[in-house]
Structure formats: structure tokens, C-alpha cells
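Below is one structure, written out as C-alpha cells, with a few remarks after it.
The values are calculated or read from the model by the stated rules, or taken from the named source; none is laboratory data. Just so it is clear, the structure is predicted and the values come from calculations on it, not from any experiment. In this analysis, Cβ positions are derived from the backbone assuming ideal geometry, glycine residues included, and neighbour counts consider all displayed protein chains. In case anyone asks, the SASA skips ligands and DNA or RNA and just uses the protein heavy atoms, side chains included. Shrake-Rupley method; radii C 1.70, N 1.55, O 1.52, S 1.80 Å.
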Amino acid sequence: MAVKRDFDLAQVERLAAQGLTQQQIADALGISRATVQRRIKADAAFDAAVKKGAAKGIALVANKLFEAAKEGNIAAAIFFLKARAGWRDRPGDLVDDAAPPTPVKVVVSVKDARKRGDNAEP
């Protein structure tokens with residue numbers, strides 16, 4: 001029977017706050033990814049540490065991004081609006097994709113471009 005190992009939950013939270021994947025957290029703790037996944041499912045405190053850490057990391061970076069956008073960083077503003085406000089830069093996104101396409105009628109008029117002169121046929 002395997003011995004249940006105790007982990008420093010503050011360390012687990014810090015690792016998750018840095019944006020590490022479950023595999024990377026496992027590597028840092030010296031365990032397998034499967035062990036991390038089992039602990040997340042079986043141990044509410046471990047699960048909470050991973051979730052709280054991830055939320056803290058996202059909040060920190062999101063705040064930095066928001067501050068950069070407010071300070072005039074155009075790339076940060078564009079990224080923020082695409083990620084949080086649904087903005088897109090594809091021309092087709094301005095059209096309702098669910099609506100059927102509007103038929104287009106094309107009329108072509110051809111004029112005779114030959115010069116009329118003495119040798120021209122009527």
C-alpha cells in the first residue's frame with residue numbers, strides 16, 4: 001500500500017500561481033502527474049491550493065495587462081479587448097454568420113470599342 005505523502009500546500013499554490021501545468025507542478029514536487037491528478041480529486045485542500053494559485057496568477061497578469069492597456073500600450077489594449085470584449089480583426093466577423101448570404105446581381109454592359117470611320121462596318 002502506498003504511503004500518502006503530505007505536501008506544502010503553500011508551495012503548491014505558489015507553483016500554480018506561476019502558471020505551471022499539472023505536469024510542471026508534479027516535476028517541481030518530485031511526483032508524477034497522475035499523483036497530482038489523484039490528489040486534486042481526493043484532497044479538497046490540495047485541489048483548493050491549485051485552484052487558488054491559478055486564480056492568483058491569472059489575476060496578477062490580467063491586472064498588469066489592464067494597467068498596460070490603460071497606460072496606452074496599444075498591443076495590450078487590443079489583446080485585452082479581443083480576450084475580454086469579444087473583439088476580432090477578421091473582416092467577416094462584422095457580418096452575422098447565421099444569416100443567409102444576400103444575393104448579388106451583376107449587370108455587364110459592353111460597348112463597341114471600335115472606332116467608327118469610313119471602313120467601319122455598321
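Which whole number of Å³ per residue matches the convex hull of the alpha-carbon atoms in segment 1-84?
Convex hull of Cα atoms, per residue: 102 Å³.
Could you give the accessible area per residue of segment 1-66, probe 1.4 Å, as a whole number in Å²?
Counting only protein heavy atoms, the per-residue value for segment 1-66 is 67 Å².
Can you tell me which lysines have their Cα less than 26 Å from the Cα of Lys41? Leave out same-chain residues fewer than eight positions away.
In chain and number order, the partners are Lys4, Lys51, Lys52, Lys56.
Tell me which GluC sites (Glu not before Pro) from segment 2-92 have a DSSP coil assignment and no more than 16 other beta carbons within 10 Å of their own.
In loop regions of segment 2-92 (DSSP not H, G, I, E or B), the sparsely surrounded GluC sites (Glu not before Pro) are Glu71.
Count the net charge of all other residues whose Cβ sits under 12 Å from the Cβ of Ala54, scoring Lys and Arg as +1 and Asp and Glu as -1.
Computed value for this residue: +2.
Loop-only check: which trypsin sites (Lys or Arg not before Pro) in segment 1-78 are DSSP coil with at most 14 other Cβ within 10 angstrom?
Working: sites: Lys4, Arg5, Arg14, Arg33, Arg38, Arg39, Lys41, Lys51, Lys52, Lys56, Lys64, Lys70; in loops: Lys4, Arg5.
Answer by residue number: Lys4, Arg5.
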